Amino acid sequence: DAPHDPHNGAAIIRSCDAFGVHRLHVIERLEEFLAARSVARGSERWVDVHSYTTVGQAIDALRASGHALIATHPEGALSPRDLASIPRIALVLGNERDGIHHELFEACERSVRIPMRGFAESLNVSVTAAILLEHATFGRPGDLDAAEQTRLYARALALSVAHAPRILEAMGVVIDRSEFPPDA
């Protein structure tokens, strides 16, 4: 929700990539979402960022896709280990200044906390994302259908193999040329 720091945004993208999460939904209430490429280290090529200008748009889109909205909160009822048992989960992370917008927090079905043993009251948003993504994805086989797997495979080829669109078309793979750089 309304991320501010481009380094945190990039670190979250990198964590999404590392744990096999290829969609990141961002609410740009206050400013445009930016991700520092030096921190993302190429992961921005593999993670689809879906941006919304209002909280309501994000809530509607995530609910329409069957996701359970789970907020991060210091007094959350769930532990990180509980996340793996929720079928389609959307982790809701607050921004660095204000946390989660009240409308978004109210839309969440449940909340999760990261147990703290020291004196720190919270963790950096990107650290929180990494910890919770590891737990939320643990033991999951993945849920991409064949068409989405092919689309991602085609994009990976486009970004790493010269003339990938021509190779894919020669193989009989139907591609969306908008996924490829203009010179591919």
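Taking only complete DSSP H runs, can you tell me which helices of the chain stretch 15 Å or more along their own long axis by Cα positions and average at least -1.0 on the Kyte-Doolittle scale?
Values: long enough: 6-18 (18 Å, -0.05); 125-137 (18 Å, 1.31); 146-160 (21 Å, 0.11).
Long hydrophobic helices here: 6-18, 125-137, 146-160.
When only alpha-carbon atoms are used, what values of Rg and Dmax, in angstrom, describe region 2-52?
9.9, 28
Let's test this: bin the Cα-Cα distances of region 120-159 at 10 Å from zero up to the farthest pair and state each bin's percent.
For region 120-159, the binned pair fractions read 24, 27, 35, 11, 3 percent.
Need one number: the % of Cα-Cα pairs in region 1-95 sitting beyond the 17 Å mark. Intermediate results must be reported in sequence, preceding the final value.
Values: 2357 of 4465 pairs.
The calculated P(r) of region 1-95 puts 53 percent of pairs beyond 17 Å.
Quick one: what Rg and Dmax do you get for region 44-84 from the alpha carbons, in Å?
13.1, 35
Counting other C-beta atoms within 10 Å, and keeping those with at most 15, which DSSP coil trypsin sites (Lys or Arg not before Pro) do you find in region 6-92? List each step's numbers first, then the result.
On the way: sites: Arg14, Arg23, Arg29, Arg37, Arg41, Arg45, Arg63, Arg81, Arg88; in loops: Arg29, Arg41, Arg88.
In loop regions of region 6-92 (DSSP not H, G, I, E or B), the sparsely surrounded trypsin sites (Lys or Arg not before Pro) are Arg41, Arg88.
Would you mind computing Rg(Cα) / (2.2 N^0.38 Å) for the chain, counting N as its residues? Don't skip to the end; give the middle numbers.
Numbers: Rg = 17.6 Å, N = 184, 2.2 N^0.38 = 16.0 Å.
Rg over 2.2 N^0.38 Å, computed on Cα atoms: 1.10.
Compute the signed sum of charges (Lys and Arg +1, Asp and Glu -1) over the other residues within less than 12 Å, Cβ to Cβ, of Ala35.
Result for the neighbourhood of Ala35: 0.
List the pair-distance distribution P(r) of region 92-150, using every Cα-Cα distance, as the percent of pairs falling in each 5 Å bin from 0 up to the bin containing the longest distance, rounded to whole percents.
4, 13, 19, 20, 19, 12, 8, 4, 1, 0
Roll a 1.4 Å probe over the protein heavy atoms and report the accessible area of Ile167 in Å², nearest 10.
Using a 1.4 Å probe on the heavy atoms, I get roughly 80 Å².
Rounded to the nearest 0.05, what FRET efficiency is calculated for Arg166 and Arg45 with R0 set to 25 Å and r the Cβ-Cβ distance?
Numbers: r = 20 Å, r/R0 = 0.80.
Once the sixth-power term is evaluated, E becomes 0.80.
The values are calculated or read from the model by the stated rules, or taken from the named source; none is laboratory data. As the structure is a computational prediction, the values presented were derived from the model and not from experiment. In this analysis, Cβ positions are derived from the backbone assuming ideal geometry, glycine residues included, and neighbour counts consider all displayed protein chains. What goes into the accessible areas is simple: the full protein's heavy atoms, side chains included, and nothing from ligands, DNA or RNA. Shrake-Rupley method; radii C 1.70, N 1.55, O 1.52, S 1.80 Å.
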